[in-house]
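What follows is a single structure, written as structure tokens, with notes after it.
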Amino acid sequence: MEIAQALEARVIPFEFEYFSPKNLPETLSLLKSHGKDAKILAGGTDLIVGLKKGMKCKYIVSLKDVDELSYVAAEKEMLRIGALTKLRDVEKSSVISEKFEALHEAAKDLGSPMVRNMGTIGGNICNASPAADCAAALLALDARLKVVGSGERIVPIDKFFVAPQETVLGPTELLTEIQIPYLPDEATSKFLRIKRVGISVSSVCAAVAMLLKRREVEFIRIGLGAVSPTPVRAYKTEEYLKGKSLSADTVDRALEKLEDEMRPITDVRGTADYRTYATKALVRQAIEVLESRRGGTA
Amino acid sequence: MSALKFKYIGKPEKAVDQLKFLHGRGLFIDDFRVPSTLPPLLQVALVASPYAHAKIKSIDVSEAKKVPGVVNVYTGQDLVPHHKAPLPCNIPTLPAPHQYILAVGKVRHYGEPVAVVVAEDLKTANIAARKVKVEYEPLPAVVDPEEAMKEGAPLVHDGVKNNIPYHDVFPFGDVDKAFAEADVVYKDRFYYHRTCTNPIEPLGAVSYYDNLAGEMHLWSNFQNPRYLSGFSAGVLGIPSNKYHAYRFDIGGSFGAKYAVLYTAILTGMLSMLTGRPVKYFETRGEYIASWHAGGEERIYYLEIAARKDGTILGLKEKIISNYGAYMGVYSPGQEFNPFAQWTGAYKIPNVYVDVSLVLTNTTAGSSAQRGFGAGQQMFALERAVDGLADMVGMDAVEIRRKNFIQPNEFPYVIPTGNIYDSGNYPAVLEKALKLAKYDELKKKQEELRKKGRYIGIGLATVPHRSSYNIIEMAIPNPGMLLSTSPASASLKVNDAGQVIVTLYFAQSGQSHKTAVAKMAADGLGIDISDVNVVFEEDTLKSLYDAEPGGSRQTPIIDMVLGEAIKRLKQKLVRVASILLPWDEQHLAYENGVVRATNNPDKKITLKELALVANWQTFKVPSEDVGLQVEASLNSPSTIPDAMRRFYFYPFMGFSADIPVVEVDTRTGVVKVLKYFHVNDSGTIINPPVARGQIIGGLVHGMTDALYGEMKWDKDGTLLSTNFGTYFLPTSMEAPDFIVDFHETPSPLNTFGSKGIGETGRIVGPAAIASAVEDALKQLKVKIREIPITPDRLISELKRR
Amino acid sequence: MMAKIFELTVNGRKTRVDGEPSDVLLDVLRDRLGIYSPKYGCGDGECGACAVLMDGKCVLSCLTLAAEVEGKEITTLEGLAGDKVLEALRNAFSANHALQCGYCTPGFLLSTRELLLEKLERSTLTRVEIKEHLKGNLCRCTGYYQIIEAVEAVFKELTGKEVTKEAEIV
């Protein structure tokens, strides 16, 4: 390391070739030939920062003209969100705020309004930050991701992330759509985050989707951000809670299990210990809110 | 208050200074374009070290030089002969030269530049900078100051034993006797982190050396160009009388652009080498990592002794200050600057200070920062007073009332020698308690606690020194020539009878044009539309003004303008005595007219006088042509005596602050809900401007108390390099501010004003720490360290 | 050298600028087109001083490649002369002393204008919404409070209604 990389930030100090394909087929064709040495430019709020700080590539494939990937479509079995939908549009979508509260809450406070005017939901997912707010929400909502390359495949979101800033996307592939199955009528979801200040990346974030029948947990899904190398589901905790009655004791025990499912690090935003403690507090709070929302009755 | 006495002072007025910014028409250094008659501008990019401590084994610039558009690449070694004098350093024990503009032989902190590329455009410079190959041999780094002081710690500078270039003790009074007589002694350790001011505009400069005329031109956003250009000229070997430093609009400074020579010297040197204008405008990361980041990390070991009735008898402090990798021109200033208000609002007759400056492999903290260390001392003192209150069973309000300097005791000399000019601390505290409806707040707090919510009501009562004289620089460096900090103003009346005030300092948003116009209009008793206030841009054409810093300008210009008005009135009377004619002894000026005191019909107006003095100039004495006057004044001061007591900050404001916070004990997040502040800064010239300064300062105080912190890992790699990692409060964190004023004018100047700029940051951290501790009283959590981050708070809570 | 010629529409005017794909919009506006109101404050999208309007929406020009805005309309403060909401904001910022050094002000004017345009239709606005909307604009001089007061004053002026403040905890 010869230069203090973290300090760069005014110009992009290298040359690249720039393409702005007009539609999806053109995009895929470009990725087929250049994907290995290319970066995909969606909103730019992550990529441009990276380019100023040492990230290099030979090609930039800009999706600015690929309008067909920007939509929020409520269909019969699922909600389909185009990967290039701006976060501001995700935030303002009434179907998302009514039926997929966790995603609405994740998008609503992400970054700042200007960041949300530019950034896309696909970008937030593919950038694969361990703290990706939308990812935590989508994990709890059991989303599926449509990936297109030479063919098409559906990747469940909990199989999408590999490592910090790394996903299963191959160099010739593109995330085109996020598919979210509707929650059963009586189920609901909640997303919570802790930020140091208004514009910070989340120190920790958690999303819970839950269905209670009487006081029993029929299903629960917990998505966690910023406490592991990638956003994760807390399967063991979910397993523990399934079929149980929600009591203070049960929740306490469940949160003990949650500790084992996190591998947080210490960084500028918080210590590992804090992240563990705070995430448990968020999950507890989310469960409390969801419980009171549906009244916990038959 | 003042609104009753004056026509303009005290009345809210739209600041004309700010109008251009609303249309995007400010002229900031990054907007500046060199005159087209000069050679084209060159840009630079720095090659910064990724190591906190390393030997520079080799630097290969050959590839970088080949990039088309690169003019040259210089290493630290290349620039050594171009330092005609060492970079000024105010610690004589450090062998000179202590620092070069680029690292030579060794790097001592992360981000220290080792080479610079000069190119036709910024992108080329940056591309080439990445082709410079530097071979480092990493050395062990030391980051923690108490670790750095131990035997065997890596030495940041050779020959500086234990990394302590300066240590001294300052006894004022007799602490041993005081402590022996005391009934109780409260002891504690306090910690105030390393801060970085982070104005939204980084530092920048353009230099052009005109080798035909032998004159240097520096365009920059320095807060105090006059003060700095002298030092830069010395290093560059340019006669000071040929060094023009031009004043610009400044995008916030708060001390960050004070006492920082870096951009001037680098661009000046490079311009001399290339024959062209050279620009350096920092990136945010460079600003944070470079050697002017801000306030030093301080550890206080404090003991405060009192009688059991709460009367404080003595204060003992051992302070360890982490100055990072280098000491600069103002370096130790932030230790002794707080001497101006060391004992706060209280009568503490015996004081002992033991101060060690420590070097570590972190960013050099040689700059000033809003408060210059006073906020740090007030944090430690106020927390200690609260700790003492607990010990003697008094509440926070009682113990303060008991120890306040009383209204009839001003002017009050504190043990360090500074003199507080005026104040009424009990009245201001009373007003604050009423404003906050303190007793009601306490009741609501109780109710909410029963519902499981942790609300805290803080209290801090803190004086605010203003208008410094930089005498404190001499304390660590007794060999240096003592200096004070005068200000100047010029005044003239044109042929239309309109007044022009010329001032000689840079501004970063303080609205002095509007404020001084009010002072001039009220001072002369004329219509404000007949007054224009202008600022001279070129320091060489300027009268002596030490320029802003330490909340200087308002009270000292108040003094200087008063003197200038007095001289103008003398001139008007003299000219009137000739023109009327009338005996000078029986003439007096008032409200735009010179009138005979013994014959009210004999008069001449300012406008009539001015027309003659500007047009019919043969009718008036030559010295009165143009009705031009100047005044330059020092504010009151004394030089250090044998005990090193000195008087250097004559104006002393005061505030009583009551913040209300809520602590979420599940997540450790602190939210400031409301902030009550009653401010006494003497006569308030323009209330909305004053309120804005107070609130802005309080948010700086909040930043220190709760959010932003400079962080390095154990190897000295800087972790806080941008706004994502150095947390600045956003509008989301802003509480409701309820501000009121109480005016105890200063007896030392014309209109009674005192400075207000640093107030918020001097009191904010103490007040907020007090509030958080109050919120967690039942949980017995003590706040002794700031910033109060969620992880630290949870850690504390878990321990209980 | 990957030269590119940008066809940009800025403040209602079409211009051709020589550049490279790696050129950032903020620098093209400032260095090539003489438009100085958007400022460099951090370079990574956190301070909002570089705000411009792209097809009417506030975006961060320091994170936008010049190449990305071909075919789009860029508007800066300089191009909004006569805008009624902006006029009202300017007056309110001045009357409420909502600026000091002025560096962040262009960014705040564009952001507050965007907020008001959104909210004027429905005539409801809360103080929390103002704070949430402005969090992408950092200010180190004012402490935000007088800016919030200015926005509230404009809302009242343009709708006759008060901004709703959140229920007080204490």
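Things worth noting here:
- Residues B:82, C:133, ranked from the fewest to the most other C-beta atoms within 10 Å, line up as B:82, C:133.
- Of A:220, A:60, A:287, the one that fluctuates the most in a GNM where chain A has Cα springs shorter than 10 Å: A:60
- Selection from C:85, B:340, B:612 lying farthest towards where the dipole of the protein assembly as shown points positive, charges on Cβ: C:85
- Longest DSSP-loop-exposure-free segment, GluC sites (Glu not before Pro), chain C, at most 12 other Cβ within 10 Å: C:1-161
- Dipole magnitude (debye, nearest 20) for the protein assembly as shown, charges at Cβ of Lys, Arg, Asp, Glu: 860
- Helix-only CD estimate at 222 nm, as mean residue ellipticity for chain B, using -39500 (n - 2.57) per DSSP H run (n ≥ 4): -8000 deg cm²/dmol
- Debye equation applied to the C-alpha atoms of the protein assembly as shown, log10 I(q)/I(0) at 0.04, 0.07, 0.08 Å⁻¹: -0.23, -0.72, -0.95
- For the range B:510-518, the Karplus equation 6.51 cos²θ - 1.76 cosθ + 1.60, evaluated at θ = phi - 60°, returns couplings of 7, 6, 6, 4, 5, 5, 6, 4, 4 Hz by residue, with Gly and Pro reported as x.
- The range A:8-61, relative contact order [Cα under 8 Å, separation at least 6], %: 60
- Exposure proxy order (Cβ contacts within 10 Å, fewest to most) of C:76, C:126: C:126, C:76
- Gaussian network model of chain A, Cα within-10 Å springs - most flexible of A:30, A:139, A:211: A:30
- Contact order normalised by residue count of chain A, Cα under 8 Å, 6+ apart, percent: 15
- Ranking B:496, A:155, A:51 by Cα position along the charge dipole of the protein assembly as shown, where only Lys, Arg, Asp and Glu carry charges on their C-beta atoms, puts A:155 farthest toward the positive end.
- Considering only A:158, A:142, A:37, the mean-square fluctuation computed in a Gaussian network model of chain A, springs between alpha carbons under 10 angstrom, is largest for A:37.
- Relative contact order of the range B:6-145: 38 percent, from C-alpha pairs under 8 Å at least 6 residues apart in sequence.
- Cα shape, chain B, gyration tensor, a/c 1.5 rule: oblate
- With neighbour counts taken as other beta-carbon atoms within 10 Å, the residues B:582, B:615, B:219 rank, fewest first, as B:615, B:582, B:219.
- Kirkwood Rh and Cα Rg combined as Rg over Rh, evaluated for chain A: 0.99
- Antiparallel DSSP beta bridges within chain A, as percent of all bridges there, nearest 5: 85
- Amide H contacts under 5 Å for residue C:4: C:19, C:20, restricted to partners 5 or more places along the chain or on a different chain, H placed in the peptide plane at 1.01 Å from N.
- The simple Förster model, with R0 at 56 Å and r as the Cβ-Cβ distance, assigns residue A:182 and residue C:156 a FRET efficiency of 0.85.
- In Hz, Karplus ³J(HN,Hα) per residue of the range B:321-328 (6.51, -1.76, 1.60; θ = phi - 60°; x = Gly, Pro): 10, 8, 9, x, 8, 9, 9, x
- Listed residue (B:384, C:137, A:135) projecting farthest to the positive dipole end of the protein assembly as shown, Cβ model: A:135
Read the figures in this text as sums done on the coordinates, not as results from a lab. Please read all numbers here as calculations on a predicted model, not as lab measurements. Note that we place each Cβ from the backbone using ideal geometry, even for glycine, and neighbour counts take in every protein chain shown.
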